[in-house]
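A.B. asks: A single structure is presented below for examination.
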Amino acid sequence: MTDSAPIVVWFRRDLRLADNPALEAASSIGVPVIPLYVLDETAGVRPIGGASRWWLDKSLASLAARLSGLGSPLVLRRGASLATLTELVRQTGAQAVFRNRLYDAASIARDEAIEAALQGLGVECRSFNSALLNEPWEVASGAGSPYRVFTPYWSAARRSAGRVTPHAAPRSLTPPTRPVSSEHLDTWGLHPTSPDWSPGFADWRPGEEGAWTRLETFLDGVVDRYAEARDTLGAAATSRLSPHLAFGEIGPRQIWAAAQAAAHRRGSHKGFETFLKELGWREFNHHILFHQPTTVTRNAKPEFDGFPWRDDPRGLRSWKRGRTGFPIVDAAMRQLWCSGWMHNRARMIAASFLIKDLLIDWRVGETWFWDTLVDADLANNVGGWQWTAGSGADAAPYFRVFNPVLQGEKFDPDGAYVRRWLPELAALDDEFVHRPWEAPAPTLARAGVALGANYPAPVVDHFFARDRALDAFKTLTA
Ligand code: FAD
């Protein structure tokens, strides 16, 4: 390292200052630091979806403000990552590029090619772990092979996670001697216009501060209800940290340490272990993504390759719009469309309905979620969809078909979730709120529900669909 040429810190899914190892390493060297974000929409790595673009817009604005406060403004550039980095290095005489690692095959291939090209130009490249408690190669079975089943994975990973000490943000950064040109965020068109479909996203606060507010709110009390109520759809008993984690505004090491400290402070471990185990599923999904990279588009279980999926544009449209006629599925899909987020239990119910009741390929649903979730995350989204389909590593058995009425009655017993997202059913009696087609005509009329007019009749008979799904499954095992 020379003592004057700058170091570029290439931000990607690590949009934070604290406990950001690439930023910390660059700032500790004492040379100027150029923070960079590249909007790369060229072929290769999967482009982010519309809801994630909304989030990225605000998260970058927050990061830019915080970096300016430290003394070195964020540089925004658009284009192919390699060409953009090469150009920036040429313009600034940078001696090194530091980044935090990503774990999907396309990003790894791109990053390795960039590293080789930059090293060929005499630019040092270093990479770090900001996103995981354990990187995928750090947890292995006794035989040294990757895990494919969650429980043994988590007992090994949980042990090695131990006590973690996250690092604070740098106090200041040395800016480059000459200012570096940057594009303007508002020219990137990340916020939707014509139409602006995002008013329902107003409750979110993208950025590092918003992430900490969520975490603190959760650890200050919501966590007490987590173990019992995390599956109750109307209870707001989960952390809602997922988009902050997906964009790296907060990291799992920080969450882990804060959770342990809060448990100690409050003298109660209620809910904490269950919460940490859910973070474990995120870690496990990254483990699978890294060790079985083709599972992004291919079934983890190859016997599913011949599955007789149906092409059903009408059913698919009704699912996307939250108009299947099954209230719990429709409430879930409208929560997604309106707020960019969906409760985990609702994700399982909605995904199961698409895959098993409509027999539509899990990849179609995964793509829709990718576009509409603010927390869209390749490892978790593919993991969630393959788990529900039964085609994934350590998946739910295919023959476990959720009954959407019973799921609704169990996880939304007072109908609060359905009434919140489906106002047209708000006045329906509890008895029928999850099965409006069984309600007597006067009950429907009293509640102002006109089936087939202001709320649809079911697009499919669940018991017929269930048998059809099980028959389709038999063709695999035959
Ligand atoms: P909490 O219950 O508070 O959990 C804390 C954190 O642990 C979450 O933020 C998340 O990072 C992790 N976590 C929790 N549950 C799971 C889980 N089942 N699998 C993996 N990680 C978990 N999660 C995403 O982050 N992005 C996705 O794109 C995504 N797609 C999904 C698709 C399907 C079909 C399913 C069934 C699940 C998907 N999940 C996804 C997992 C899960 O639904 C969300 O992480 C969770 O609902 C986020 O809410 P929360 O932050 O309040 O979670």
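The values are calculated or read from the model by the stated rules, or taken from the named source; none is laboratory data. Everything quoted here is computed from the prediction, not taken from an experiment. Neighbour counts run over all protein chains shown; Cβ positions are idealised from the backbone, glycine included. These area figures cover heavy atoms from the full protein model, side chains too; ligands, DNA and RNA do not enter into them. Shrake-Rupley method; radii C 1.70, N 1.55, O 1.52, S 1.80 Å.
A.B. asks: With a 1.4 Å probe and every protein chain left in place, work out the accessible area per residue of segment 319-386 in Å², rounded to a whole number.
C.D. replies: With the other protein chains kept in place, segment 319-386 gives 21 Å² per residue.
A.B. asks: Here's a follow-up. So, with a 1.4 angstrom probe, what is the percent of accessible area on segment 1-121 that is carbon and sulfur?
C.D. replies: Its accessible area is 56 percent carbon and sulfur atoms.
A.B. asks: Given a 1.4 Å probe and heavy atoms of the protein chains only, how would you sort SER4, SER268, SER81, largest accessible area at the top?
C.D. replies: Result, largest first: SER4, SER268, SER81.
A.B. asks: Arrange the residues ARG265, ARG178 by how much accessible surface each exposes, largest first, with a 1.4 angstrom probe.
C.D. replies: Result, largest first: ARG178, ARG265.
A.B. asks: Here's a follow-up. Over the heavy atoms of VAL75, what accessible area does a 1.4 Å probe trace out, to the nearest 10 Å²?
C.D. replies: Spelled out: VAL75, probe radius 1.4 Å, area about 10 Å².
A.B. asks: Rolling a 1.4 angstrom probe over the protein heavy atoms, how many square angstrom per residue are accessible across segment 200-318?
C.D. replies: Accessible area per residue, segment 200-318: 44 Å².
A.B. asks: May I pose another question? Which whole-Hz ³J(HN,Hα) couplings does segment 403-414 yield from phi under the Karplus relation 6.51 cos²θ - 1.76 cosθ + 1.60, θ = phi - 60°, glycine and proline marked x?
C.D. replies: 8, x, 6, 5, 4, x, 5, 7, 9, 9, x, 9
A.B. asks: Taking K and R as +1 and D and E as -1, what net charge do the other residues with C-beta under 15 Å from the C-beta of GLY448 add up to?
C.D. replies: Net charge in that neighbourhood comes out at 0.
A.B. asks: Give the ranking of GLU303, GLU366, GLU115 by solvent-accessible surface, highest area first, calculated with a 1.4 Å probe.
C.D. replies: The most accessible residue leads, giving GLU303, GLU115, GLU366.
A.B. asks: Using θ = phi - 60° and the Karplus curve 6.51 cos²θ - 1.76 cosθ + 1.60, what whole-Hz ³J(HN,Hα) does each residue of segment 112-122 get, with Gly and Pro shown as x?
C.D. replies: Per residue, the Karplus-derived 3J(HN,Hα) values read 5, 5, 5, 4, 4, 5, 5, 4, x, 8, x Hz.
A.B. asks: While we're on this one: For segment 168-283, what % of the accessible area comes from carbon and sulfur atoms, probe 1.4 Å?
C.D. replies: Ligands and nucleic acids excluded, carbon and sulfur reach 52 percent.
A.B. asks: May I ask for the Kirkwood hydrodynamic radius of segment 326-365, worked out over all distinct Cα pairs and given in angstroms to one decimal?
C.D. replies: About 10.1 Å for segment 326-365.
A.B. asks: Something else: Amide H neighbours of ALA96 under 5 Å, at least 5 residues apart or on other chains, H built in the peptide plane: list them.
C.D. replies: VAL8, GLU124
A.B. asks: Can you tell me the orientation of helix 272-291 relative to the chain, as the angle in degrees between its alpha-carbon axis and the longest Cα principal axis, to the nearest 10?
C.D. replies: Roughly 70 degrees, rounded to the nearest 10.
A.B. asks: What does the net charge come to around LYS301 if you take all other residues with beta carbon closer than 11 Å to its beta carbon, with K and R at +1 and D and E at -1?
C.D. replies: -1
A.B. asks: On to the next question. Given a 1.4 angstrom probe, what's the average accessible area per residue across segment 1-58, in square angstrom?
C.D. replies: Per residue, segment 1-58 has 31 Å² of solvent-accessible surface.
A.B. asks: Same structure, new question: Quick query: amide H of VAL33 versus all other amide H atoms, modeled in the peptide plane; which residues come in under 5 Å with a sequence gap of 5 or more or a different chain?
C.D. replies: ILE7, THR174
A.B. asks: Going by Cα centres, segment 173-225 and segment 14-91 are how many Å apart?
C.D. replies: After rounding, the separation between the Cα centres reads 14 Å.
A.B. asks: Quick one: 3J(HN,Hα) in Hz for segment 227-236, Karplus 6.51/-1.76/1.60 with θ = phi - 60°, rounded, Gly and Pro as x.
C.D. replies: Values per residue, Gly and Pro as x: 4, 7, 10, 5, 8, 7, 5, x, 8, 6 Hz.
A.B. asks: For the chain, what is the calculated [θ] at 222 nm in deg cm²/dmol (nearest 500), taking -39500 (n - 2.57) for each run of four or more DSSP H residues and dividing by its residue count?
C.D. replies: Calculated mean residue ellipticity at 222 nm is -14000 deg cm²/dmol.
A.B. asks: Another question, if that's okay. With bins 5 Å wide starting at 0, give me the P(r) of segment 269-424 over every alpha carbon pair, in whole percents.
C.D. replies: 2, 9, 18, 21, 21, 16, 8, 3, 1, 0
A.B. asks: Follow-up. Calculate how steeply helix 252-266 sits against the longest principal axis of the alpha-carbon atoms of the chain, using the helix alpha-carbon long axis, and give the answer as 0 to 90 degrees to the nearest 10.
C.D. replies: So the inclination is approximately 70 degrees.
A.B. asks: Could you compute Rg(Cα) / (2.2 N^0.38 Å) for segment 215-301, with N its residue count?
C.D. replies: 1.23
A.B. asks: Now, a different point. Average projected area of the Cα convex hull of segment 53-202, in nm²?
C.D. replies: Projected over every direction and averaged, the Cα hull of segment 53-202 covers 13.3 nm².
A.B. asks: In the full protein assembly as shown, how much of ASP471 is accessible to a 1.4 Å probe, in Å² to the nearest 10?
C.D. replies: Only protein atoms counted, so the area is about 90 Å².
A.B. asks: Using the Kirkwood formula on the Cα atoms of the chain, what hydrodynamic radius do you get, in angstrom to one decimal?
C.D. replies: After inverting the pairwise mean of 1/r, the radius is 24.0 Å.
A.B. asks: On each of the three principal axes of the Cα atoms of segment 401-478, give max minus min coordinate, whole Å, ordered largest first.
C.D. replies: Computed over segment 401-478, the largest-to-smallest principal extents equal 50, 25, 19 Å.
A.B. asks: Sticking with this structure for a sec: Pairing the Cα long axis of helix 150-161 with the longest principal axis of the chain, what angle in degrees results, from 0 to 90 and rounded to the nearest 10?
C.D. replies: Compared with the principal axis, the helix lies near 30 degrees.
A.B. asks: Ok, one more. How many times 2.2 N^0.38 Å is the alpha carbon radius of gyration of segment 130-250?
C.D. replies: That ratio works out to 1.48.
A.B. asks: Here is a further query. Compute, for MET1, the solvent-accessible surface of its heavy atoms (probe 1.4 Å) with the complete set of protein chains present, and express it in square angstrom to the nearest 10.
C.D. replies: Roll a 1.4 Å probe over it and MET1 shows about 100 Å².
A.B. asks: What span do the alpha-carbon atoms of segment 349-459 cover on each of the three principal axes, reported in whole Å from largest to smallest?
C.D. replies: Cα spread of segment 349-459 along its principal axes, largest to smallest: 48, 30, 24 Å.
A.B. asks: Which percent of the accessible area of segment 383-478 is formed by carbon and sulfur heavy atoms (probe 1.4 angstrom)?
C.D. replies: Taking all protein chains in place, segment 383-478 shows 58 percent carbon and sulfur surface.
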